[in-house]
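A quick write-up on the structure given underneath.
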């Protein structure tokens, strides 16, 4: 969308906010957003740019965006600076980090250099996860969103039910019979309970290649408003079982080893707990992709489905405890 079209969609409170923050004569270009209802614009004034985020609802002063930004800044995580905000109108103006997500950066890197560049940046990403583990919880205040909300059994069950409704029924257009439905929901309940038992740390919650920006060779973290306490392997699963990017398997294993050593975890236990979080996370991802395609007309999300199904299949095969449920998941999820 060009600047003239973008300006016609901006109402008076937004223009007043931008003029107060940046002065007159601003130009706006809408930029691609995520799976949320937020809208994003690149704002240009003279030689400077910023990113305007328009939320669909007002933001309270204790909104997760603000509290998580404070936490992350306080522990030394490189997040975009908040330049101005108007919580009553759901407006936030942030530093512009450009368009080079980790995903785009690696896809645009020459093939003969891609593996080395990926390893260099993924080491940085793993070190960020370790920083969140070690320092995040201690930086929380009692009223912070992340201190009062967690990735817990209820949340996991909600996400798995969302997957069931929007991927199996909505996207696959398959309706399990009573026996299969009961078995699938028993599997969801067991998986949610197992994930709920894992030790909790401060998690970004969506720590994947589209939420890591590459700026001057360093990573910066975005889309952190949903950060909260969650399983200690969850961010690792988001990063290394990323639905939107193919990773070299050997490199991914090296990163798992790096995390395990840095966190002082027992390797076998860490791998088992990683698989639990990755399985729940990948099923949740399929629910998001099915919803975006069937309910919001965003069929581009379906390109991530085969990769995600591949992750799920390998995790189920590798874990003996899932052998009984595997034929059921194969029927409704894996099989083309």
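The values are calculated or read from the model by the stated rules, or taken from the named source; none is laboratory data. All values derive from a computational prediction rather than experimental measurement. As a convention, Cβ positions derive from the backbone with ideal geometry for all residues, glycine included, and neighbour counts pool all protein chains shown.
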Residue check for residue 249: in the same structural domain as residue 115 (by TED's automatic domain parsing), free of Cβ contacts under 8 Å to residues at least 12 places away in the same chain and within 19 Å of residue 231 (Cβ to Cβ) = no
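Yes/no per residue for (1) out of contact with any helix residue (DSSP H, G or I) (no Cβ under 8 Å at 6 or more places or on another chain); (2) crowded, with 16+ Cβ neighbours inside 10 Å; (3) at pLDDT below 95; (4) not assigned by TED's automatic domain parsing to the domain that holds residue 210:
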| position | (1), (2), (3), (4) |
| --- | --- |
| 260 | no, yes, no, no |
| 273 | yes, yes, no, no |
| 276 | no, yes, no, no |
| 289 | no, yes, no, no |
| 302 | no, no, no, no |
| 305 | no, yes, no, no |
| 310 | yes, no, no, no |
| 316 | no, yes, no, no |
Among the residues listed as 155, 197, 165, the single one being in the same structural domain as residue 329 (by TED's automatic domain parsing) and in contact (Cβ under 8 Å) with a residue 60 or more places away in the chain = 165
Among the residues of the stretch 24-41, which ones are within 21 Å of residue 298 (Cβ to Cβ), touching a strand residue (DSSP E or B) at 6+ places or on another chain (Cβ under 7 Å) and touching a residue at least 12 places away in the same chain (Cβ under 8 Å)?
-> 29, 30, 31, 38, 39, 40, 41
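Yes/no per residue for (1) modelled with pLDDT of 95 or more; (2) outside the structural domain of residue 208 (by TED's automatic domain parsing):
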site: 49; (1), (2): no, yes
site: 57; (1), (2): no, yes
site: 62; (1), (2): no, yes
site: 111; (1), (2): no, no
site: 130; (1), (2): yes, no
site: 140; (1), (2): yes, no
Just checking, how many residues over the stretch 151-186 are more than 21 Å from the chain's Cα centre (by Cα), under 19 Å from residue 276 (Cβ atoms) and buried (at least 18 other Cβ atoms within 10 Å of the Cβ)?
-> 1
Does residue 266 satisfy being farther than 18 Å from residue 282 by Cβ, exposed (fewer than 15 other Cβ atoms within 10 Å of the Cβ) and either modelled with pLDDT of 95 or more or assigned by TED's automatic domain parsing to the domain that holds residue 311 (or both)?
-> yes
Count of the stretch 192-241 residues which are over 21 Å from residue 121 (Cβ atoms) and part of a loop (DSSP other than H, G, I, E, B) = 6
Residue by residue through the stretch 318-329, note down the ones that are surrounded by 14 or more Cβ atoms within 10 Å (Cβ to Cβ) and in a helix (DSSP H, G or I).
-> 322, 326, 328, 329
